[in-house]
Ligand SMILES: Cc1cc2nc3c(=O)[nH]c(=O)nc-3n(C[C@H](O)[C@H](O)[C@H](O)COP(=O)(O)O)c2cc1C
Ligand code: SF4
Ligand code: SF4
């Protein structure tokens, strides 16, 4: 079973690609996280858990979802991240979770995808996105091949001070940067409700036809990127900037889970 969490579609693309190559099913964690469902999974094939990298680590919501879920059948766990370029020491924390749950850690690997963190960086151009996604296709194939052969997987993306990034900077990042106070919708909002539907934290409600953020946010970038009229902004950081959504995955626009 391939389980995935995705904000803007990259990880969904990787997970569905893996599912196709492995002849297995891809199951979204987004709606389960959104509804705080305590889930019992069963799979007689290895579990492949896929998520984006947030500050050199799997997102906190994904780590806690894995911790509180029950997994039956296979005790083999693979982890595949999508990232821009750096995974830091993410594998260390996933290995620890496997130890806590007494399951087998079969390795961690990553797939480079277009950057989606538009409140800090620029999304790549359409041409660059295509090039990056072609590279991603190759990485997805080679991860799938290792899993088919029953081999462990490993990450080719090494960086200096990976441990410090994931252990020290990651908590600082969550404390000081991750929050929804700076989100707002301008007068171009057409009250379509798409931003409320995509939030994996169920953090957005409509008040008088306009979105209101209710303090539970993981900076997944789904709300700001799916708005069909680009009405959502983040402080002064996103005005005039291109939004990012994985167009191969969501050609119609919008993340449906
Ligand atoms: C909050 C946040 C933090 C991120 N931190 C990193 C990072 O540490 N390293 C990296 O290479 N990419 C980082 N990224 C980029 C994403 O991991 C990457 O674009 C990913 O493929 C997005 O997946 P999704 O479309 O499934 O949400 C970050 C993105 C976000 C939104
Ligand atoms: S409020 Fe927006 S950025 Fe924050 S978790 Fe929800 S969809 Fe993601
Ligand atoms: S997605 Fe955009 S237009 Fe639709 S309700 Fe949200 S802010 Fe308004």
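What the table below lists for this structure:
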| read-out | value |
| --- | --- |
| Test: residue in the stretch 126-139 that is part of a loop (DSSP other than H, G, I, E, B) and either farther than 25 Å from residue 249 by Cα or away from ligand 3 (no atom under 16 Å from the Cβ) (or both) | no |
| Residues satisfying the stated conditions in the stretch 229-253, i.e. within 9 Å of ligand 3 (Cβ to nearest atom), more than 19 Å from residue 179 (Cα to Cα) and surrounded by 13 or more Cβ atoms within 10 Å (Cβ to Cβ) | 230 |
| Residue among 210, 146 that is within 16 Å of ligand 3 (Cβ to nearest atom) and surrounded by 13 or more Cβ atoms within 10 Å (Cβ to Cβ) | 210 |
| Flag if residue 140 is within 16 Å of ligand 1 (Cβ to nearest atom) and either under 15 Å from residue 243 (Cβ atoms) or over 19 Å from the mean Cα position of the chain (by Cα) (or both) | no |
| Breaking point among (1) within 16 Å of ligand 2 (Cβ to nearest atom); (2) touching a helix residue (DSSP H, G or I) at 6+ places or on another chain (Cβ under 7 Å); (3) at pLDDT 95 or above, for residue 147 | (1) |
| Residues of the stretch 174-192 satisfying the condition of being within 13 Å of ligand 2 (Cβ to nearest atom) and surrounded by fewer than 20 Cβ atoms within 10 Å (Cβ to Cβ) | 174, 177, 178, 179, 181, 182, 184 |
| Filtered residues of the stretch 1-28 (kept if at negative phi and within 16 Å of ligand 2 (Cβ to nearest atom)) | 4, 5, 6, 7, 8, 10, 11, 12, 28 |
| Strands (runs of 3 or more DSSP E) lying entirely in the stretch 182-257 (those with 2 or more residues that are within 15 Å of ligand 1 (Cβ to nearest atom)) | 232-234 |
| In the stretch 109-119, the residues that are in a strand (DSSP E or B) and either crowded, with 22+ Cβ neighbours inside 10 Å or modelled with pLDDT under 95 (or both) | 109, 110, 111 |
| Single unsatisfied condition, residue 139 versus (1) surrounded by 13 or more Cβ atoms within 10 Å (Cβ to Cβ); (2) within 16 Å of ligand 2 (Cβ to nearest atom); (3) free of Cβ contacts under 8 Å to residues at least 60 places away in the same chain | (2) |
| Any hit, the stretch 153-161, residues being surrounded by fewer than 13 Cβ atoms within 10 Å (Cβ to Cβ), more than 10 Å from ligand 3 (Cβ to nearest atom), more than 22 Å from the chain's Cα centre (by Cα) and outside any loop (DSSP other than H, G, I, E, B) | no |
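Quick grid of which residues meet (1) free of Cβ contacts under 8 Å to residues at least 24 places away in the same chain; (2) under 25 Å from residue 114 (Cβ atoms); (3) in contact with a helix residue (DSSP H, G or I) (Cβ under 9 Å, 6 or more places away or on another chain):
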site: 167; (1), (2), (3): no, no, yes
site: 171; (1), (2), (3): yes, no, no
site: 195; (1), (2), (3): no, yes, yes
site: 204; (1), (2), (3): yes, yes, yes
site: 227; (1), (2), (3): no, yes, yes
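The values are calculated or read from the model by the stated rules, or taken from the named source; none is laboratory data. For clarity, every value in this text was computed on a predicted model and none was experimentally measured. Because the Cβ atoms are built from the backbone with ideal geometry, glycine has one as well, and the counts that use them run over all protein chains shown.
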